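Report on one structure; see the data block that follows.
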Amino acid sequence: QVQLVESGGGLVQAGGSLRLSCAASGRTFSSYYMGWFRQAPGKEREFVAGIAWSSGVGYGADSVKGRFTISRDNAKNTVYLHMNSLKPEDTAVYCCAATHFFSSTRYADYTYWGQGTQVTVSS
């Protein structure tokens, strides 16, 4: 059974940092592309960053470039989202997901999803 479990969310002041983790289990993810999405109340789900599990090559959406980075640890089967210079508009539930579609930013392409972790940035 595939499981993606996020952790690391919380309350932080603007300008602060958080590191989100997504622990994957239940299958071999080397052929998957992993993505982080977020959804704020009343807003659509938004792609944040993605990474190819095999190569470790990742990228982020324009809204987070220069502030967020994505990485993965093969030994721990974990993907990370490093968030710096956080802004109140980054407040959302952050979810990780897995897809076979390389570099996809469309949430409909993602097969497996975690339950999400809340990030709240105070001004």
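Globularity index of the range 12-65 is 1.33 (Cα radius of gyration / 2.2 N^0.38 Å, N = number of residues). With a 1.4 Å probe and all protein chains left in place, how much of the accessible area of the range 1-61 comes from carbon and sulfur atoms, in whole percent? In the range 1-61, the share of accessible area belonging to carbon and sulfur is 46 percent. In this structure the range 7-102 gives 48 Å² per residue of accessible area when probed at 1.4 Å with all protein chains present.
Stokes-Einstein, applied to the Kirkwood radius of the range 1-40 over Cα pairs at a viscosity of 1.002 mPa s and 20 °C, places its translational diffusion at 173 µm² s⁻¹. The string of couplings for the range 101-111 from the Karplus curve (6.51, -1.76, 1.60, θ = phi - 60°) is 8, 4, 6, 5, 10, 8, 5, 5, 7, 8, 8 Hz, one whole number per residue in order, with x for Gly and Pro. Near CYS95: Cβ cut-off under 9 Å, other residues only, Lys/Arg at +1 and Asp/Glu at -1. The net charge is +1. Full extension of the segment from ALA75 to GLU46, taken as 0.36 nm per residue of separation minus the current Cα-Cα distance, would add 7.6 nm.
Think of it this way: in the chain, CYS95 stand alone, with no other Cys Cβ under 4.7 Å.
DSSP beta bridges confined to the chain are antiparallel in about 90 percent of cases. Extension gain, GLN39 to GLN3, is 11.0 nm, computed as 0.36 nm per intervening residue step minus the present C-alpha separation.
For the chain, the relative contact order comes to 35 percent (Cα pairs under 8 Å, sequence separation of at least 6).
When peptides 82-95, 63-76 are ranked by their average number of other Cβ atoms within 10 Å per residue, the highest-first order is 82-95, 63-76. Under a 5 Å amide H cut-off, with hydrogens placed 1.01 Å from N, PHE101 pairs with TYR33 among residues at least 5 apart or on other chains.
Under the classification rounded if a/c is under 1.5, otherwise prolate if a/b is larger than b/c and oblate if not, where does the range 53-123 fall, given a ≥ b ≥ c as square roots of the Cα gyration tensor eigenvalues? Prolate, since a/c reaches 1.5 and a/b exceeds b/c.
The values are calculated or read from the model by the stated rules, or taken from the named source; none is laboratory data. Keep in mind it's a predicted model, so treat the numbers as computed, not measured. Cβ sites come from the backbone with ideal geometry, for glycine too, and all protein chains shown count toward neighbours. These accessible areas exclude ligands, DNA and RNA; they are computed on the full protein's heavy atoms, side chains included. Shrake-Rupley method; radii C 1.70, N 1.55, O 1.52, S 1.80 Å.
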